[in-house]
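Values in this text are rule-based calculations from the coordinates and carry no lab data. It should be emphasised that the depicted structure is a prediction, and the values quoted were computed from it without experimental measurement. Ideal geometry is used to build each Cβ from the backbone, glycine not excepted, and the neighbour counts take in all protein chains shown.
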Amino acid sequence: MALRKPLLAALAVLAAVALFLVWKGDKVVDRILDLRYGGVPALPSLAKPRDLQEANLQDLDYVARLLDYDRSFNDESRVEFTRRLARLRENAATLSRGALLMGISKAVAIADNPHTSVERGFWRAYLNSAPVRFEWFAEGLHVVRAREDVAELLGRRVVAIDGMSPELIVRDASKYFGGPQEHGRVSSLLVMESPEALHTLYPAAPGDRLVLSLDDGSGNVVRVQLPAVNAREAPPVVRPGRLLSPQSEFAEGRQVWKGVLDQAIPVSLRDPSRNLFAERLGEDTMYLHLWSIRSDSRGRMDDQIRAALAPRAQWRRIVIDLRFDTGGDYPDLLQAMKELPSHLAADGKAVVIMDNTTFSAAIITAALVKHFVGAQRTVIVGERPRDRLVFWAEGNQMTLPNSRIDVNISTGMHDWARGCRDLLRCHWPNIWYGSIGVGTVEPDVKVSWSFADYRRGVDTVLERAKLQ
């Protein structure tokens, strides 16, 4: 046992040396990283379950093995995770797929790491939902999309859901998602839109309808009841921000849904199907909206950014919008971020926009801009992102054998506050790229999108960013 830690350290060093020697896209590197950070528990040979209880117990036995692979749990959370699964086992005979989903989500959330989670799409696939969708604005929660028969509710501010304020529901629903309060605020929309989920959280709330108190903007509050939509008939979960843009693909099928915006689409909501949207704002400002940190059919993200900046040798302002971006692969744009200072005039600035949906590699991108451009020439505008600068990510998914619920596994630590240097814990590419630490990505200018501006096609946050 005494030799175990030194041996593990030596193996880690050897692996890091191998990584150093064969980096730059070599398949050997991918294999090394997969061996280090990949892997899922092997599915045992299982007999076909005889009933609901046996099916649920098989799923719970399998998800219990998350602790053998996910490294984000500490000693205390490992104990609580096991305790929560034990409670689910006691009720295995009566757990519906929705109840199983929420129970496992709550158990996994104890890791307090947003990457260690149940895949979001299952909330819509396994639970009923209302014929409306919500989004947060500076003034509060608003209806931004609605089925045609209730389209008159579009734009109204949500005062209460089942008699409870949205803020109260955020507080209570956050325990199903873990992480900082920004992650809970965004993720809790999945609960607020589902009568079934709200009934699980608050047994007195009806599970077959949503009771809303809505402000029409003039101070008049009306109360409406919306019958629930069966999960099989509801549109799927879409990625953050897409509900705001009429140019998004909503996969609503034959049902007709409507949104708030029609013609007046702000530049920040254009072409959400592209990973990078670029547009010149005036003579000396280039706007880059990174909807996703990934290369795509249009080329490497590095090359796309270079091409967008090419029309001018140096810019007075480069605005990098990371709202609604849930991440990807930050090495795909690392080189472009290194080159960013060369595209700025001597008195130029990089302006980074974030909000509560900014996540994972998008947060890393904000850190990279601040690191390479420098804190003095970088201005961060908007809201705090959805996760901390120290988090666990990477890993694969485990799929439960009967419910088919996907659980995300986190195996590599990131520390973009101080820099990651621990070979046994840190994601090795972060060490290879220089163990970058920027202290904080707290907004220098705090501002949220006003719904009054949004409905007339004006982006409050971008307008403020253009003044920096």
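Tabulated data
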item: Selection of GluC sites (Glu not before Pro), the range 283-392, meeting DSSP coil and at most 15 other Cβ within 10 Å; result: Glu283
item: Normalised per residue, the volume of the convex hull around the Cα set of the chain (Å³); result: 163 Å³
item: In the range 27-120, trypsin sites (Lys or Arg not before Pro) in a DSSP loop with at most 12 other beta-carbon atoms within 10 Å; result: Arg50
item: Kyte-Doolittle mean at least 1.6, axial Cα span of 20 Å or more - DSSP H helices of the chain; result: 4-22
item: Violating pairs (Cα-Cα greater than 28 angstrom) within the set Lys349/Lys446; Lys175/Lys466; Lys258/Lys370; Lys258/Lys466; Lys106/Lys370; result: Lys175/Lys466; Lys258/Lys370; Lys258/Lys466; Lys106/Lys370
item: Cα pair distances exceeding 27 angstrom across the range 124-259, given as percent; result: 12 percent
